[in-house]
Structures are given as C-alpha cells and as structure tokens.
Amino acid sequence: MEAVRFECRPGCSRCCEVKGFVYITEENLREMAAYLGLSRGAFEARYVYRTRYSLRLRKPRGKQCHFLEEHACAVHRVKPAQCRLFPFWPELLEDARQWRRTAKWCPGIGQGPLIQIGTAHETASEMKQAYPSHYSAP
C-alpha cells in the first residue's frame with residue numbers, strides 16, 4: 001500500500017463492537033478515572049483487569065465495553081490509544097489483506113482524505129509505544 005483513506009463515520013461504533021480486548025496504559029487509567037470522577041483505585045477495581053504484562057478493560061456481560069453507549073463512547077475525550085488510533089494499527093497497516101478484511105466491516109476505511117502510508121505508519125508507531133509488550137519482537 002502506498003496510501004490509504006480513512007475517515008471515522010459519525011454515529012458509527014463498529015470498531016467498539018468487535019470481539020477482543022481494549023488494552024490501556026497507566027496514563028489511560030489515570031485519565032479515565034479522573035474523567036469519570038473516580039479514584040484510580042476505584043476505577044481499576046471496577047473496570048480494569050491487570051496482568052503481569054498489561055492492563056485491559058474488563059468486559060461487561062453482553063457487550064464489548066462498559067463505555068460504549070448508544071453508538072458513542074462515554075469516555076471519548078480520554079479514550080485509550082488503541083481506540084483513538086484505530087484503524088492505524090501496525091498489524092493492519094503491515095498486512096494489506098488484514099486492512100481489506102477490516103474494511104469489510106469498517107465503513108470509514110476507503111472514505112475521506114488520502115493518507116500517505118508513511119504518515120499512517122507514523123500514527124501506528126504510537127501503538128507500539130503505548131503497548132510495547134504487544135509489539136516487542138519474540
């Protein structure tokens with residue numbers, strides 16, 4: 001790929017409905033807790049699953065995210081890098097087949113302004129910085 005098109009579509013929350021986990025950073029945890037008016041400890045106890053290598057949001061029964069409400073994100077202003085950067089994830093940009101597969105369910109892929117692939121990869125590098133344990137070489 002030399003360039004891609006993407007523009008988030010108003011009212012779309014398809015990326016929030018895909019099965020998987022939402023990983024967060026310690027900074028995300030602090031920001032989201034403050035945004036919701038909770039202590040860091042209270043936010044973590046209610047919404048976060050901590051492992052030795054990562055933090056992720058707990059999944060509520062019957063949906064993918066506690067913060068998805070009526071096709072909108074309740075914590076949009078402080079949402080995690082994984083959410084903010086979609087679809088500019090290394091695994092999608094480095095595999096044209098994965099990009100095309102994602103485009104089948106994401107109506108924003110193929111829309112909007114042309115984005116040079118170098119710019120897209122630069123954006124994707126934020127994912128590697130935010131979640132190094134997910135992108136470090138084996």
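What the table shows:
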item	result
Residue check for T119: surrounded by 15 or more Cβ atoms within 10 Å (Cβ to Cβ) and of a type in the set (V, I, T)	no
Number of the condition not met by Q64 [criteria: (1) assigned to a loop (DSSP other than H, G, I, E, B); (2) of a type in the set (S, T, N, Q); (3) under 22 Å from E122 (Cβ atoms)]	(3)
Hits in the range 27-57 (condition: exposed (fewer than 12 other Cβ atoms within 10 Å of the Cβ) and under 15 Å from the mean Cα position of the chain (by Cα))	none
Residue among V75, V18, V48, V22 that is within 19 Å of E126 (Cα to Cα) and either β-branched (V, I, T) or modelled with pLDDT under 95 (or both)	V22
Strands (runs of 3 or more DSSP E) wholly inside the range 1-61 that include at least 3 residues being not charged (D, E, K, R)	3-6
Those residues of the range 1-52 which are of a type in the set (D, E, K, R) and touching a Phe, Trp or Tyr at 6+ places or on another chain (Cβ under 8 Å), in sequence order	R14
Filter pass, A103 being of a type in the set (A, V, I, L, M, F, W, C) and without any contact (Cβ under 8 Å) to a residue 24 or more places away in the chain	yes
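The values are calculated or read from the model by the stated rules, or taken from the named source; none is laboratory data. The structure presented is a predicted model; accordingly, all values stated were derived computationally and were not measured. Neighbour counts run over all protein chains shown; Cβ positions are idealised from the backbone, glycine included.
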